[in-house]
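Input: a single structure, listed below in structure tokens.
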Amino acid sequence: MAKIVLATSLLWREPISDAPLREALAQSGHTCISVPWNGDDQSAFLTADLVLLRSCWDYFKAPRAFLEWLASLETVQVRNPLALVRWNFDKSYLIELRAAGFNVPETKLVNPKDHDQVQSVMKQQGWHRAVRKPVSGQSGHFVDVLDLANRRDWPESLMPTEHALLQPFLTDVQQLGETLLYFFKGQFAYAVQRLPKPQHGRDRIEISVSDEVIRQAEEILAFLDDMPLYARIDGLMQNNTFLLMELELIEPSFAFEAAPDKAIEFVRAIEDELGELGGA
């Protein structure tokens, strides 16, 4: 059986959201411990059979430190693979995917502190409202909605990155909520709807999606240099068309609270991966 280290953080040392995963790993006979990526003791990472990036959700505060920490794991088996994680870390990959023909919102790279540049891009694109977000980060941190008619009210950006992404504001995000598609080793596992408003105390529910939507997501994964152990593909379903908003390959929440039985399925994928690495 394997020694698996879940990379967490000082703020989220052992999140409840991953409790089903920890339990499923233990039930399958694996040793599973949670260790903060930014903690003082790093020894557990260096002796692990596999390091899974999990609740490293505070790296948006220190993106360079996080990349340096990843570099310290070059001799360790990390999932997802470090090269893929580094590529995914910079969200300008959305520009690359759009250029490759995938259904992605128009995305521009801007200086977040240069309001003249941001205003110019919005005018050129005909965007009355736009979303400014950091090239590395998560959970809406440092994200602003900018109204072209109210430039004087734009907040100064506090994001710790030199560049930002600028995209048109999509009303469907607020009205429909995002659809989250989960894949383990390239195979579709389940889909979850992030609800615009909580229903019966829940903000995420498991849903069914069409084969066509799954096919479109599979094409995105096929574009990658390496097939990830896990992937969450976030987007908007507009009839049978999937509009990609984010490709989460670093530390996505698995929403096991909405689909608790999927933790076992993920463990089976982990075991397959260990088998291929010769560690099972």
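Determine which member of the set Gln175, Gln167 is in contact with a Ser or Thr (Cβ under 6 Å, 6 or more places away or on another chain), farther than 19 Å from Phe266 by Cα and polar (S, T, N, Q).
On the way: Gln175 fails: in contact with a Ser or Thr (Cβ under 6 Å, 6 or more places away or on another chain).
One residue alone meets the criteria, Gln167.
Is it the case that region 213-230 has a residue that's assigned to a strand (DSSP E or B) and either in contact (Cβ under 8 Å) with a residue 12 or more places away in the chain or of a type in the set (Gly, Ala, Ser) (or both)?
Kept after step one, since they are assigned to a strand (DSSP E or B), are these residues of region 213-230: 230.
Applying the additional criterion that residues be either in contact (Cβ under 8 Å) with a residue 12 or more places away in the chain or of a type in the set (Gly, Ala, Ser) (or both) yields 230.
Checked region 213-230: at least one residue is assigned to a strand (DSSP E or B) and either in contact (Cβ under 8 Å) with a residue 12 or more places away in the chain or of a type in the set (Gly, Ala, Ser) (or both).
Restricting attention to region 174-203, which residues are surrounded by 19 or more Cβ atoms within 10 Å (Cβ to Cβ), assigned to a strand (DSSP E or B) and of a type outside the set (A, V, I, L, M, F, W, C)?
Hits for region 174-203 are Thr179, Tyr182, Tyr190, Gln193.
List, please: which pairs have Cβ atoms under 6 Å, are six or more places apart or on different chains, and start with a residue in region 234-256 that is over 17 Å from Leu170 (Cβ atoms) and end with one that is open to solvent by less than 10 Å² (accessible area, probe 1.4 Å) and part of a loop (DSSP other than H, G, I, E, B)?
Filtered contacts from region 234-256: Leu249/Asn80; Leu249/Pro228; Glu251/Arg54; Glu251/Cys56.
Conditions first: (1) farther than 26 Å from Arg129 by Cα; (2) surrounded by fewer than 15 Cβ atoms within 10 Å (Cβ to Cβ). Ser253 passes all but one, so which condition is the exception?
It is condition (2) that Ser253 fails.
Given the conditions (1) crowded, with 19+ Cβ neighbours inside 10 Å; (2) in contact (Cβ under 8 Å) with a residue 40 or more places away in the chain; (3) closer than 15 Å to Ile270 by Cβ, and given that Arg22 satisfies all but one, which numbered condition is not satisfied?
Here Arg22 meets the rest and fails (2).
Quick one: how many residues across region 257-271 are part of a loop (DSSP other than H, G, I, E, B) and in contact (Cβ under 8 Å) with a residue 24 or more places away in the chain?
Pass one, region 257-271, residues part of a loop (DSSP other than H, G, I, E, B): 257-261.
Now drop any that are not in contact (Cβ under 8 Å) with a residue 24 or more places away in the chain, which leaves 257-260.
Matching residues across region 257-271 total 4.
Kindly list the number of the only condition in (1) touching an Asp or Glu at 6+ places or on another chain (Cβ under 7 Å); (2) more than 30 Å from Ala83 (Cβ to Cβ); (3) acidic (Asp, Glu) that fails for Glu248.
Of everything listed in (1) touching an Asp or Glu at 6+ places or on another chain (Cβ under 7 Å); (2) more than 30 Å from Ala83 (Cβ to Cβ); (3) acidic (Asp, Glu), Glu248 misses just condition (2).
If I go through region 48-92 residue by residue, how many of them are modelled with pLDDT of 95 or more and under 24 Å from Ala263 (Cα atoms)?
So the answer is 19.
If I filter region 56-107 down to residues being out of contact with any strand residue (DSSP E or B) (no Cβ under 7 Å at 6 or more places or on another chain) and of a type in the set (Gly, Ala, Ser), which single residue comes out as farthest from Pro168 (Cα to Cα)?
Within region 56-107, the match that is farthest from Pro168 (Cα to Cα) is Ser72.
Report, ordered by the first and then the second residue, all pairs with beta carbons closer than 6 Å, sequence separation of six or more or different chains, a first member in region 179-194 that is under 14 Å from Glu246 (Cα atoms), and a second member that is outside any strand (DSSP E or B).
That search, which allows pairs on different chains as well, returns Leu181/Ala217; Arg194/Gly177; Arg194/Glu178.
Evaluate the following for Trp37: is it of a type in the set (Phe, Trp, Tyr), under 16 Å from the mean Cα position of the chain (by Cα) and over 19 Å from His163 (Cβ atoms)? Steps first, please.
Numbers: of a type in the set (Phe, Trp, Tyr): yes; under 16 Å from the mean Cα position of the chain (by Cα): no; over 19 Å from His163 (Cβ atoms): yes.
No; evaluated as a whole, the condition is false for this residue.
Go through region 5-19 and report how many residues are outside any loop (DSSP other than H, G, I, E, B) and exposed (fewer than 14 other Cβ atoms within 10 Å of the Cβ). So that I can check it myself, show each step before the final result.
Applying the first criterion (outside any loop (DSSP other than H, G, I, E, B)) to region 5-19 yields 5-8, 16-19.
Now narrow it down to the ones that are exposed (fewer than 14 other Cβ atoms within 10 Å of the Cβ): 16.
Of the residues in region 5-19, 1 are outside any loop (DSSP other than H, G, I, E, B) and exposed (fewer than 14 other Cβ atoms within 10 Å of the Cβ).
Scan region 107-128 and report the pairs whose first residue is under 10 Å from Leu148 (Cα atoms) and whose second residue is among the polar types (S, T, N, Q), with Cβ atoms within less than 9 Å and a gap of 6+ or a chain change.
Val118/Asn111; Trp127/Gln167
Only residues that are without any contact (Cβ under 8 Å) to a residue 60 or more places away in the chain, open to solvent by 40 Å² or more (accessible area, probe 1.4 Å) and more than 18 Å from Leu82 (Cα to Cα): list them for region 30-71, please.
Result: Thr31, Ile33, Asp40, Asp41, Ser43.
The values are calculated or read from the model by the stated rules, or taken from the named source; none is laboratory data. Here the structure is a predicted model, which means the values were calculated and not measured. So basically every Cβ, Gly included, is an ideal-geometry build from the backbone, and we count neighbours across all protein chains shown. The protein model used for the area step is the full one, side chains on, heavy atoms only, and it has no ligands, DNA or RNA in it. Shrake-Rupley method; radii C 1.70, N 1.55, O 1.52, S 1.80 Å.
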